[in-house]
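Colleague: Let me begin by handing over the structure; questions about it come next.
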Amino acid sequence: MRNLWQCIATRWFGIGLILSGVLITLSGCHDRSENTASTPSVPTPTEEKPAPVVRIGASATHLPPYFIHQENGIEVDIIREAFQKTGYDPQFYFIRERKEKFYAPNSKLDCISTVTKKAKQPGFYSDEVISYHDVVIYLADKGFHINRIEDLADKSIETFSDAKKHLGIADVVKNNPLYHERSGKASQIVLFFRRRVDVLIMDRYFFRHFRKRVAPLVDIKQKVIINDSLFSKRPYRILCKNEKVRNDFNRGLATLRAKGRYAEIVKQYIE
């Protein structure tokens, strides 16, 4: 009889251990489920798509303040920021004969800068990016005024190469031995402020850009008169193969103008 009670006690003890283990396991599962429920889920980060690349063929000529050492300048900065405003990654290729390479069968260029619309090249022209404007400049105390093209006939003049052809003044200056065309805008401005020449004819931004740079050499505070009515502005644009790319550029360009950024870019190179 005693053995029987020992056997029963042993079995109940075993059953108790099993039940205790089950309860502990269930309790642990409950705790883990509570911890899991209370832990906030971490959102999976979404990968940003890279900006579409637009390849721009630009002038390889060093032409400050418009193109400076194939890095920046008025035109480069305006075009770059206009494309960036509409989500593009602009990449410049400073090359010679960019028009020919733009139309080559294997060309990877999307746009070229900058061209005149009257060139009538196939493609999509942007709105005006920049305008070149040749002006007549002379010192206020010289005692004369330049109000007409004909007033240039007897003045000593410094201007750029092929100006006679581009400006239509060949007949006026053909008998003027004091008329000179040459490169080297800084040296022309030095001659001007040293009073060795009466008149400069050059682009307005060329004059303002280089005047600052010759300040250590000459007195640039002499009062000048600038006549901007004799020659017309020449607007320049970019030319694109794709209409959407052109339209997006125009939107970015309009934003630069509206926000005042366009004027800021120009100002930093001429003042």
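The values are calculated or read from the model by the stated rules, or taken from the named source; none is laboratory data. Computed from a prediction, not measured in an experiment: that's the story for all the values here. Positions of Cβ are backbone-derived with ideal geometry, glycine not excepted, and every protein chain shown enters the neighbour counts.
Colleague: Do you know which residues across the range 95-115 are closer than 30 Å to F210 by Cα and either touching a Lys or Arg at 6+ places or on another chain (Cβ under 9 Å) or modelled with pLDDT of 95 or more (or both)?
Modeller: Across the range 95-115, the qualifying residues are I95, C111, I112, S113, T114, V115.
Colleague: Looking at this structure, is L191 touching a Ser or Thr at 6+ places or on another chain (Cβ under 6 Å) and more than 17 Å from S59 (Cβ to Cβ)?
Modeller: On the way: touching a Ser or Thr at 6+ places or on another chain (Cβ under 6 Å): no; more than 17 Å from S59 (Cβ to Cβ): yes.
So L191 fails the test.
Colleague: Given V190, V197, V266, which one is in a loop (DSSP other than H, G, I, E, B) and of a type in the set (V, I, T)?
Modeller: Values: V190 fails: in a loop (DSSP other than H, G, I, E, B); V266 fails: in a loop (DSSP other than H, G, I, E, B).
Checking each option against the conditions leaves just V197.
Colleague: Additional query: Taking the residues in the range 233-246 that are in contact (Cβ under 8 Å) with a residue 12 or more places away in the chain and surrounded by fewer than 18 Cβ atoms within 10 Å (Cβ to Cβ) as candidates, determine which candidate is farthest from F102 (Cα to Cα). Explain how you work it out, then say what you get.
Modeller: If we filter the range 233-246 for residues that are in contact (Cβ under 8 Å) with a residue 12 or more places away in the chain, which is where we start, we get 233-243, 245-246.
From the residues that got through so far, the ones that are surrounded by fewer than 18 Cβ atoms within 10 Å (Cβ to Cβ) too are 233-235, 241-243.
On the way: K233: 26, R234: 22, P235: 20, K241: 9, N242: 13, E243: 15 Å.
It comes out as K233.
Colleague: How about the range 37-63: which of its residues are surrounded by 16 or more Cβ atoms within 10 Å (Cβ to Cβ) and either touching a Ser or Thr at 6+ places or on another chain (Cβ under 8 Å) or modelled with pLDDT under 95 (or both)?
Modeller: Residues satisfying the conditions are I56, G57, A58, S59.
Colleague: Within the range 201-219, which residues are of a type in the set (A, V, I, L, M, F, W, C) and surrounded by fewer than 17 Cβ atoms within 10 Å (Cβ to Cβ)? Walk me through it before giving the result.
Modeller: Keep residues of the range 201-219 that are of a type in the set (A, V, I, L, M, F, W, C), which gives 201-202, 206-207, 210, 214-215, 217-218.
Hits for the range 201-219 are A215, L217, V218.
Colleague: Could you check I238 against (1) within 28 Å of the chain's Cα centre (by Cα); (2) not in a strand (DSSP E or B) and say which number it fails?
Modeller: Looking at each condition in turn, I238 falls short on (2).
Colleague: For the structure I just gave you, tell me whether F94 is touching a Phe, Trp or Tyr at 6+ places or on another chain (Cβ under 8 Å), assigned to a strand (DSSP E or B) and farther than 20 Å from S232 by Cβ.
Modeller: On the way: touching a Phe, Trp or Tyr at 6+ places or on another chain (Cβ under 8 Å): yes; assigned to a strand (DSSP E or B): yes; farther than 20 Å from S232 by Cβ: yes.
Against the criterion (touching a Phe, Trp or Tyr at 6+ places or on another chain (Cβ under 8 Å), assigned to a strand (DSSP E or B) and farther than 20 Å from S232 by Cβ), F94 qualifies.
Colleague: Which residues, counting only those in the range 211-235, are part of a strand (DSSP E or B) and either out of contact with any strand residue (DSSP E or B) (no Cβ under 7 Å at 6 or more places or on another chain) or closer than 18 Å to T116 by Cα (or both)?
Modeller: Initially, the range 211-235 is screened for residues part of a strand (DSSP E or B), giving 224-227, 234-235.
Across the range 211-235, the qualifying residues are R234, P235.
Colleague: Here's another thing I want to ask about it. Could you identify the single residue in V190, V173, V199 that is free of Cβ contacts under 8 Å to residues at least 24 places away in the same chain and either of a type in the set (A, V, I, L, M, F, W, C) or closer than 19 Å to R234 by Cα (or both)? Break it down into steps so the answer makes sense when it comes.
Modeller: Values: V190 fails: free of Cβ contacts under 8 Å to residues at least 24 places away in the same chain; V199 fails: free of Cβ contacts under 8 Å to residues at least 24 places away in the same chain.
Sole residue among the options that is free of Cβ contacts under 8 Å to residues at least 24 places away in the same chain and either of a type in the set (A, V, I, L, M, F, W, C) or closer than 19 Å to R234 by Cα (or both): V173.
Colleague: Hey, any hits in the range 128-142 for a residue that's out of contact with any strand residue (DSSP E or B) (no Cβ under 6 Å at 6 or more places or on another chain), exposed (fewer than 14 other Cβ atoms within 10 Å of the Cβ) and either at pLDDT 95 or above or under 24 Å from Y205 (Cβ atoms) (or both)?
Modeller: Yes, the range 128-142 contains a residue that is out of contact with any strand residue (DSSP E or B) (no Cβ under 6 Å at 6 or more places or on another chain), exposed (fewer than 14 other Cβ atoms within 10 Å of the Cβ) and either at pLDDT 95 or above or under 24 Å from Y205 (Cβ atoms) (or both).
Colleague: May I ask you to say which residue of F94, F144 is among the aromatic types (F, W, Y) and not assigned by TED's automatic domain parsing to the domain that holds A58?
Modeller: Of F94, F144, the one residue that is among the aromatic types (F, W, Y) and not assigned by TED's automatic domain parsing to the domain that holds A58 is F144.
Colleague: State which residue pairs qualify: first residue more than 17 Å from F67 (Cα to Cα) and inside the range 82-101, second residue among the hydroxyl-bearing types (S, T, Y) and not in a helix (DSSP H, G or I) in any location, beta carbons under 7 Å apart, and separation of 6 or more residues or different chains.
Modeller: Cβ pairs passing all conditions: K101/S107.
Colleague: Among the residues of the range 122-178, how many are in a strand (DSSP E or B) and among the polar types (S, T, N, Q)?
Modeller: Looking only at that region, the number is 2.
Colleague: Within the range 146-167, identify whether any single residue is of a type in the set (F, W, Y) and surrounded by fewer than 20 Cβ atoms within 10 Å (Cβ to Cβ), and answer yes or no. I'd like the intermediate steps shown before the answer.
Modeller: First, the residues of the range 146-167 that are of a type in the set (F, W, Y): 160.
Okay, now just the ones that are also surrounded by fewer than 20 Cβ atoms within 10 Å (Cβ to Cβ), so 160.
Scanning the range 146-167, I find at least one residue that is of a type in the set (F, W, Y) and surrounded by fewer than 20 Cβ atoms within 10 Å (Cβ to Cβ), so the answer is yes.
Colleague: Here's another thing I want to ask about it. Would you check which residues across the range 102-121 are part of a loop (DSSP other than H, G, I, E, B) and surrounded by 13 or more Cβ atoms within 10 Å (Cβ to Cβ) and list them? It would help to see each step written out before you state the result.
Modeller: We begin by selecting, within the range 102-121, every residue part of a loop (DSSP other than H, G, I, E, B); these are 104-110, 116, 120-121.
Result: S107, L109, D110, T116, Q121.
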